[in-house]
Amino acid sequence: MTDGELLALCRQGHETAFAELVGRYRHRLWSICFRVAGNREDAEEAVQDTLTSAWQNLHKFRGEAKVSTWLYRIAANASLAVVRKRKETIADFDVIELEDPAPLTADRVADVDAVRRALSELPEDFRVAIVLREFAEMSYADIAEHQGIPVATVKTRINRARTQLTALLAPTRTS
């Protein structure tokens, strides 16, 4: 079934159709929530809020964007709301969440942790823009609409985010 066909069934109240529809995007939804929120607990709450909001607002989806884009926007907003509600800094990562349960090398775990810490150090607007672009694969126009800013500003935020991430992830030189 296409997303559109599933959406039509969802609007008729078919919960199994909704489960199938969001199931197609669950990994990306989790990834967005985790990377924006910065920790497992907040990400889990944000995913739950995303699913609840999507179900309750099916009637508001006009079909001007893809279902996936709509869901990613809800996920980003839900993640930001959870972070703001908890008023926590996203600098502390006690848990390393692995999407692949297969064991990783120590270097890979260190890299994943370094990227998470670097993302947490970005200003919120930069972090959201880069996560939506790189992990949700949203277009600049979709991100601009989501953040309520011009496309040029999105490009600037993403460029600055990449520059800051590069600097944060660069090995420190000791002489």
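In whole angstrom, note down how far apart the Cα centers of region 136-175 and region 35-77 are. Taking the Cα centre of each part, region 136-175 and region 35-77 sit 21 Å apart.
Can you figure out the FRET efficiency of R162 with E137, using R₀ = 25 Å and their beta-carbon distance, to the nearest 0.05?
Details: r = 15 Å, r/R0 = 0.62.
So, using R0 = 25 Å, E works out to roughly 0.95.
Taking Cβ atoms as reference points and 12 Å as the exclusive limit, the residues near W55 contribute a net charge of 0, counting Lys and Arg as +1 and Asp and Glu as -1.
None of the figures in this text is laboratory data; all of them are computed from the coordinates on show. This structure is a prediction, so every number in the text was calculated from the model and none was measured. All Cβ positions, even for glycine, are placed from backbone atoms using ideal geometry, and neighbour counts span all protein chains on display.
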